[in-house]
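Read through the structure below, which is laid out as structure tokens, and then see the notes.
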Amino acid sequence: MGRCATNWKQALDRASRGERLEAEEAVALFRAPLAALGAAADAECRRLHPGPLRTFVVDRNINYSNVCVSGCRFCAFFRPRGHLDGYLLTQNEILDKVEEAAGLGATQILMQGGLHPDLPLSWFEDTLRAVKARFAVVVHSLSAPEVVHLARQSGLTPRETLRRLQAAGLDSLPGGGAEILCDEVRSQVSPRKCTTEEWLSVMRDVHALGMRATATMMFGHVESLAQRVEHLIRVRELQDETGVFTAFIPWTFQPANTAVGGEAASAHDYLRTLAISRLALDNVPNLQASWVTQGGKIAQLSLAFGANDLGSTMMEENVVRAAGVCFRLSAEQLCGLIRGAGFTPARRDTYYQILEIM
């Protein structure tokens, strides 16, 4: 493993000098005082993003269906096939949602759903083509588990599946379904979802096809701190290999109405993990705050703990809401949070290119 710090002070000193952290050092940082950890992450963020701008994107999150065969124990959103509350949006309903979003200035559409047992790959191709034929939006949609599921259903490889989706209009892949990239954890919370290696392999395929992606981490459920760090190291290693990730988005598990249950991670734990993410992921340029799970005030504070981006307006969010957490923020509110933190708000696109300084 190379040189390894024996305590958090040594680890923080090395991180502050811009030296790459070993896994054990990142784990040690969970013992560091929160203020010192935040200061180091903020300094690293300002090194990567020295200007006054902090960003967000205007988009809509469309959950095309909640019918899913994965049955993840952390999910309050899914419904099994045949459930009275199960739904599938029609293509016209999806197009109406995209039209409304585009009319409000959205440049990105994020479509995700469950692992639907009955939707063929052609349904997704037809829907993507219909969206692209009518609207000038970036389709940042689906997820690695959805791609693996569609590949299995279609008798194709994930790369062949992605190639067909790309030809139909898919532009970029969100990092959903990563949870914790450790199969010991995945076997407990999402045993029927793709494995760690399958998730990573899909992202390699995304890179090979010339697309970009984000990476996420859902933490605060059954994982240990070492497994949380293992996730960060797997993301960093793949980024070294491919450079595929535009951003990393850590967010906290929401336990209400789920089979896992328990208590939600605290804001303290969220900020600590966010800061460690910034220090450990030295090759991922952007770190996104999760106002969807933390609310506006903690999201604003995140801009002093390593985050340079407040994510998206979403306009619509159903998955976290199903777990009893409902925060809504408009573009104007996001701008207010950024200004209140001492920065200048800017609207970006999916690829973190600045579209407008607000």
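Rule-based calculations on the coordinates, nothing more; no lab input. This structure is a prediction, so every number in the text was calculated from the model and none was measured. Note that we place each Cβ from the backbone using ideal geometry, even for glycine, and neighbour counts take in every protein chain shown.
Could you tell me how many degrees, from 0 to 90 and to the nearest 10, lie between the Cα long axis of helix 291-302 and the main elongation axis, the longest principal axis, of the Cα atoms of the chain? Rounded to the nearest ten degrees, it is 30. Take every pair of alpha-carbon atoms less than 8 Å apart whose residues are at least six positions apart; their mean separation over the length of segment 98-183 yields a relative contact order of 35 percent.
Can you give me the angle between helix 91-103 and the longest principal axis of the chain, using Cα atoms only, in degrees from 0 to 90, rounded to the nearest 10? In the chain, helix 91-103 runs at an angle near 50 degrees to the longest axis. With each label modelled as a point 7 angstrom along the Cα→C-beta vector, the residue 356-residue 240 pair spans 4.1 nm. Each Cα pair under 8 Å and six or more residues apart adds its separation to the average, and for the chain the resulting relative contact order is 23 percent. Both radii are taken from the alpha-carbon atoms of segment 168-259; with Rh as the Kirkwood radius, Rg/Rh is 0.97. Each residue, residue 283 and residue 208, gets one label point 7 Å from its Cα in the Cβ direction; the gap between the two is 1.9 nm. Between the helical axis of 196-208 and the longest alpha-carbon principal axis of the chain there is an angle of about 80 degrees. Most simply put, the chain has about 15% antiparallel DSSP beta bridges, counting only bridges with both residues inside it. Compared with the alpha-carbon gap, the fully stretched path from residue 85 to residue 297 is longer by 73.0 nm at 0.36 nm per residue. Along the chain, counting only GluC sites (Glu not before Pro) with a DSSP assignment other than H, G, I, E or B and at most 16 other Cβ atoms inside a 10 Å radius, the longest segment between sites is 20-262.
Between residue 31 and residue 344, the FRET efficiency from the beta-carbon distance, with R0 = 45 Å, is close to 0.80.
When the Cα atoms of the chain are aligned to their principal axes, the ranges along those axes come out at 55, 45, 39 Å in descending order.
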